[in-house]
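The values are calculated or read from the model by the stated rules, or taken from the named source; none is laboratory data. Because the structure is a prediction, the values reported are computed rather than measured. Positions of Cβ are generated from backbone atoms using ideal geometry, with glycine treated the same way; all protein chains shown enter the neighbour counts.
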Amino acid sequence: MTRAEPPPAALRLELDSDALIANWRALDRLSGSATAGAAVKANAYGLGARRVVKTLHEAGCRDFFVAHWPEVAELLDLVDPASLAVLHGPRNAAEAVYARATGARPVINSVQQAQRWLMAGGGPCHLMVDTGINRLGLPLDDLGDQAVQALEIEVLHSHLAAADEDAAFNAVQQQRFISARRAVPHGRASLANSAGIALGSDYHADLTRPGLSIYGGVPRAELANEIRQVVRPMAALMQVRDLAAGDGVGYNSTFTAPHQMRAGVIALGYADGYLRCWSGKGTLIWQGIELPVIGRVSMDMTIVDLTAAPGLQEGDWLEVSYSLPEAAAASGLSQYELLTLLGSRFAR
Ligand SMILES: *Cc1c(COP(=O)(O)O)cnc(C)c1O
């Protein structure tokens, strides 16, 4: 039996490393006297955590955040484990033991997690306090707890619920965070995600935790001219078809050819993150020419109108329009979803 190399994929994600670095540097600069870290959970929002961590570490980033403990394992050989923090904290004794063994930092989110961490031997950790998002985080009333006060807190965190809006609640959370800082001994303090960075110096503290905007997301208008597109999904044209007037296209024939026309079938569908919301709305780009998606995205395939580029052939590559703020407006998906949906069939 011979071991053959698999042929190249019909989908690939072009990742612009220069844009990735430029975005992180912009966010670091906009963080003022604070330093920017990087949220690299969920495989760096789908881009590939190893590659992103390596690239940003070379650019000077020294604080990385993942959500789950298994996400730490694949990064341990790339950076000092002390620069990796796990946002979900130690959910059980095994995770606390793993944190101690690897040196990655648990982000403590409750009195129970604080006790669990101390029980496992304790040591340097982060603490997340809840200032109103009611997601994860220690309630402010618990800051005086003995176990919490006994922690060795390198970074004290909180997370903003609506930094992407001009919500009065942002200032409420910022004030609560200041009280939390007075209530527990800690090293650095960190409040802002990508959008929070744009709220200004009151929100910067010592360390910021951008994720979305490193990868090209624009959660607030202030960031629009600072942030560049990083991800360009590319899909190969599998078949070119000539449609006659009246021919239906895709599931349920939601598009009917009004006249004779050329259409192209590309290898892009639900499992790749190209969901049904793109039906009749998405566009593919070939040498600057926009080719509209016609009919429904149908499982693993999407059909495009080739009228504007009649010379296209099987095997040609098309770029999926995927500038995050515009793609979010067009699809109704959030910029977070657009990134994290991109499936494993894309060669990265
Ligand atoms: C994901 C996450 C971030 C990054 O947020 P963005 O909105 O993507 O910039 C920051 N902090 C915490 C706690 C997170 O979970």
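Identify, by number, the condition in (1) hydrophobic (A, V, I, L, M, F, W, C); (2) under 16 Å from GLY196 (Cα atoms); (3) within 16 Å of the ligand (Cβ to nearest atom) that LEU127 doesn't meet.
Only one criterion is unmet by LEU127, namely (2).
How many residues does region 22-59 contain that are buried (at least 19 other Cβ atoms within 10 Å of the Cβ) and more than 22 Å from GLU71 (Cβ to Cβ)?
Within region 22-59, residues that are buried (at least 19 other Cβ atoms within 10 Å of the Cβ) and more than 22 Å from GLU71 (Cβ to Cβ) number 5.
Select, from VAL129, VAL97, VAL148, the only residue that is surrounded by 15 or more Cβ atoms within 10 Å (Cβ to Cβ), aliphatic (A, V, I, L, M), modelled with pLDDT of 95 or more and more than 26 Å from the chain's Cα centre (by Cα). Break it down into steps so the answer makes sense when it comes.
Numbers: VAL129 fails: more than 26 Å from the chain's Cα centre (by Cα); VAL97 fails: surrounded by 15 or more Cβ atoms within 10 Å (Cβ to Cβ).
One residue alone meets the criteria, VAL148.
Of everything in region 161-175, what is among the acidic types (Asp, Glu) and touching a residue at least 40 places away in the same chain (Cβ under 8 Å)? Give them in sequence order. Break it down stepwise before answering.
So the first thing to find is which residues in region 161-175 are among the acidic types (Asp, Glu), and the list is 164-166.
Listed by number, the list holds a single entry, ASP164.
If I ask for residues that are part of a loop (DSSP other than H, G, I, E, B), of a type in the set (A, V, I, L, M, F, W, C) and over 15 Å from LEU47 (Cα atoms), which ones from region 207-239 would you list?
Residues of region 207-239 part of a loop (DSSP other than H, G, I, E, B): 209-211, 216-220, 224-230.
Now restrict to residues that are of a type in the set (A, V, I, L, M, F, W, C): 218, 224, 227, 230.
Selection gives VAL218, ALA224, ILE227.
Taking the residues in region 192-206 that are outside any loop (DSSP other than H, G, I, E, B) and either among the aromatic types (Phe, Trp, Tyr) or surrounded by fewer than 23 Cβ atoms within 10 Å (Cβ to Cβ) (or both) as candidates, determine which candidate is nearest to the ligand (Cβ to nearest atom).
To start, the set of residues in region 192-206 that are outside any loop (DSSP other than H, G, I, E, B) comprises 194-197, 201-203.
Narrowing further to those that are either among the aromatic types (Phe, Trp, Tyr) or surrounded by fewer than 23 Cβ atoms within 10 Å (Cβ to Cβ) (or both): 201-203.
Numbers: SER201: 18, ASP202: 17, TYR203: 12 Å.
Among those that are outside any loop (DSSP other than H, G, I, E, B) and either among the aromatic types (Phe, Trp, Tyr) or surrounded by fewer than 23 Cβ atoms within 10 Å (Cβ to Cβ) (or both), it is TYR203.
Consider SER83 against the criteria (1) farther than 21 Å from LEU13 by Cβ; (2) more than 16 Å from the ligand (Cβ to nearest atom); (3) surrounded by fewer than 21 Cβ atoms within 10 Å (Cβ to Cβ): it satisfies all of them except one. Which criterion is unmet?
(2)
State whether the residues of region 146-167 include one that is within 15 Å of the ligand (Cβ to nearest atom) and among the hydroxyl-bearing types (Ser, Thr, Tyr).
The answer is yes, given that some residue of region 146-167 is within 15 Å of the ligand (Cβ to nearest atom) and among the hydroxyl-bearing types (Ser, Thr, Tyr).
Quickly run through region 306-321 and pick out the residues that are surrounded by fewer than 19 Cβ atoms within 10 Å (Cβ to Cβ), out of contact with any Asp or Glu (no Cβ under 9 Å at 6 or more places or on another chain) and not small (Gly, Ala, Ser).
We begin by selecting, within region 306-321, every residue surrounded by fewer than 19 Cβ atoms within 10 Å (Cβ to Cβ); these are 307-308, 310-311, 313-317, 319.
Going one step further and asking which of them are out of contact with any Asp or Glu (no Cβ under 9 Å at 6 or more places or on another chain), we end up with 307, 310-311, 313-317.
The answer is THR307, PRO310, GLN313, GLU314, ASP316, TRP317.
Would you point out the residue of region 130-145, among those that are in a loop (DSSP other than H, G, I, E, B) and under 19 Å from PRO185 (Cβ atoms), that is farthest from the ligand (Cβ to nearest atom)? Can you show your working first?
First, pick out the residues of region 130-145 that are in a loop (DSSP other than H, G, I, E, B): 131-137, 143-145.
Okay, now just the ones that are also under 19 Å from PRO185 (Cβ atoms), so 131, 137, 143-145.
Numbers: THR131: 12, GLY137: 9, LEU143: 18, GLY144: 23, ASP145: 21 Å.
Checking each candidate, the answer is GLY144.
Would it be correct to say that HIS68 is within 15 Å of the ligand (Cβ to nearest atom), surrounded by 15 or more Cβ atoms within 10 Å (Cβ to Cβ), under 20 Å from the mean Cα position of the chain (by Cα) and assigned to a loop (DSSP other than H, G, I, E, B)? Lay out the reasoning, then the answer.
Values: within 15 Å of the ligand (Cβ to nearest atom): yes; surrounded by 15 or more Cβ atoms within 10 Å (Cβ to Cβ): no; under 20 Å from the mean Cα position of the chain (by Cα): yes; assigned to a loop (DSSP other than H, G, I, E, B): yes.
The answer is no for HIS68.
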